[in-house]
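Read through the structure below, which is laid out as structure tokens, and then see the notes.
The values are calculated or read from the model by the stated rules, or taken from the named source; none is laboratory data. Here the structure is a predicted model, which means the values were calculated and not measured. Cβ: placed from backbone, ideal geometry, glycine included. Neighbour counts: every protein chain shown.
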Amino acid sequence: MLESESREQWGTRVGFILAAVGSAVGLGNVWRFPFQVGEEGGASFLAIYLLFILIIGLPAMLVEFSIGRRSQRNPVNAFSVLGHKDWSFVGVLCVISGFIILSYYSVVAGWTIQYTAASFTGAYFEAPAEYFGDITEGFGALGLHACFMAIVVGIVALGVKRGIEISVKILVPAIVVLLLGLAAYGLSLEGAMGGLEYYLAPDFAVLREEWMTILPSAAGQAFFTLSLGMGAMITYSSYLGDEENLVNDTTWIVGLDTGIAFIVGLVIFPVLFAVGLDPASPGPGALFIGFGEAIAEAPGSRVLGVLFFGTVLIAAISSGISILEVVVSFAIDNFEMERIPAAIGIGVAIFLVGIPTAFDGSILSFYDGVVAEILLPLGMGLLVLFVGWFYGDARDEVQKGLGHRLGGWFPTVWIWQVRTIILLVVGLVIVLAAIDAYGTLMEILGLAEENGE
Ligand code: TRP
């Protein structure tokens, strides 16, 4: 590859995987995943979600990697390098999505700062649910949103690689150990088994009735948690060389990310059942209320709380970096900006866009829904369409570095999956999301009419 000589590359092979894992593992796993499971009916959602990770998430990640590595560019400029300048609008869509994601992601990350600090004093131990309600909206939440943005901007402004590699090396093992410990504790509680059943035994009647909302939520969660659909993985893989085995890396990233989310569910649902809470009722508070309860009761609460929420915070930072990096590298390449002013300017703009979500949880949920069920599927759908039908032979790109064990047949299976199944499912998801949005709109209009009478 001509360009790659002059372009910066990941220090080590492990460095790339760690950064990609750092991007994938974050609030999507510990915050978003459990409340999606709780709102969508438990194990039935989990089953579809896991299926989607396998048949859509894995191949879709390879789609982003094949764009990034071949073009060695950010998502906007990648298309020109690949000979399809007219597709650059997809990259622009990615940048816009990144902007919106980080604006409210940062607010939720702010809550974890609050919980880390509150663990020192045990402020939420008495009444986790009330505490959550008190701190998530208002000037406190706004201040912490500013704080989180400042951290992420600072790291991106200084250039990221070293920091990410080190923090993820500590982070992943730490979070797995903490989660397993908490899961063991949660499962030992009286009444925990009900939660386990809710989480792991799918009820197909629920699936038959609710599929129209379960499918788009599960697909949206799969994209969100794997950092897909807005070019983060394109950007990270643009620093890779041809010897890299993309299939191997994808398997590791997806496996770790899915494993971590799965264990989070093993903590939350047993605990919610043990304390007698309906799993759907905490909504976006599931993490904070569920873990709040568990930590408050467990031995060594304060230390445990600081360790746990502190680790979640680091995970959120390494994900936030990957989102901001897409927008900043786009600005640097296209507007000839310097890294530091670009990071600061964009950080301030993202902070401003996020302000409403720091004051109103329903606005936060609205942003979150638009991102996961519209922007990410749309972005991913377009990337998949591009790689499947316009890119040239993408099998070559996946074949590089693969060796002969999977070589030959795997890229062929993959490309047909991309050309058919993923496109169909993503199309279906977008249609279902549109129907849902239409229904909500009608409801709002209907309510407005009734009130007007
Ligand atoms: N995947 C991250 C998480 O689970 C969030 C994230 C990082 C993300 N980069 C992204 C989500 C790109 C969507 C798109 O917390």
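Odds and ends about this structure:
- When we screen 329, 318, 281 for residues that are closer than 19 Å to residue 136 by Cα and either within 14 Å of the ligand (Cβ to nearest atom) or not in a helix (DSSP H, G or I) (or both), the only hit is 281.
- Just one of (1) among the small types (Gly, Ala, Ser); (2) within 16 Å of the ligand (Cβ to nearest atom); (3) within 30 Å of residue 438 (Cα to Cα) fails for residue 205. It is (2).
- Residue within the stretch 172-193 that is assigned to a helix (DSSP H, G or I), within 18 Å of the chain's Cα centre (by Cα) and either of a type in the set (Phe, Trp, Tyr) or away from the ligand (no atom under 15 Å from the Cβ) (or both) present: yes
- Figure legend. Inter-residue proximity from the stretch 210-236: first residues over 20 Å from residue 41 (Cβ atoms), second residues near the ligand (Cβ under 10 Å from one of its atoms) and β-branched (Val, Ile, Thr), beta-carbon distance below 6 Å, spacing 6+ or different chains. Indicated pairs: 231/326; 232/326; 235/326.
- Top-ranked residue of the stretch 223-245 - restricted to ones that are under 20 Å from residue 386 (Cα atoms) and more than 9 Å from the ligand (Cβ to nearest atom), ranked as surrounded by the most Cβ atoms within 10 Å (Cβ to Cβ): 238
- Pairs are defined by a Cβ separation below 7 Å, a sequence spacing of at least 6 or placement on different chains, a first member in the stretch 344-371 that is over 21 Å from residue 440 (Cα atoms), and a second member that is exposed (fewer than 15 other Cβ atoms within 10 Å of the Cβ) and of a type outside the set (Lys, Arg); the pairs so defined are 359/138.
- Some residue of the stretch 424-442 being modelled with pLDDT under 90 and part of a loop (DSSP other than H, G, I, E, B): no
- In the stretch 52-87, the residues that are farther than 14 Å from residue 240 by Cβ, among the small types (Gly, Ala, Ser) and modelled with pLDDT of 95 or more: 57, 60
- Inclusion of residue 83 among residues that are away from the ligand (no atom under 16 Å from the Cβ), more than 18 Å from residue 422 (Cβ to Cβ), in a loop (DSSP other than H, G, I, E, B) and not polar (S, T, N, Q) is warranted.
- Residue 41 meets all of the listed conditions (1) closer than 24 Å to residue 427 by Cα; (2) in a helix (DSSP H, G or I); (3) touching a residue at least 12 places away in the same chain (Cβ under 8 Å) but one, namely (2).
- Residue satisfying condition, being touching a Phe, Trp or Tyr at 6+ places or on another chain (Cβ under 9 Å) and not polar (S, T, N, Q), within set 312, 328, 303: 312
- Options 348, 312, 353; residue that is surrounded by 17 or more Cβ atoms within 10 Å (Cβ to Cβ), at pLDDT 90 or above and of a type in the set (Val, Ile, Thr): 312
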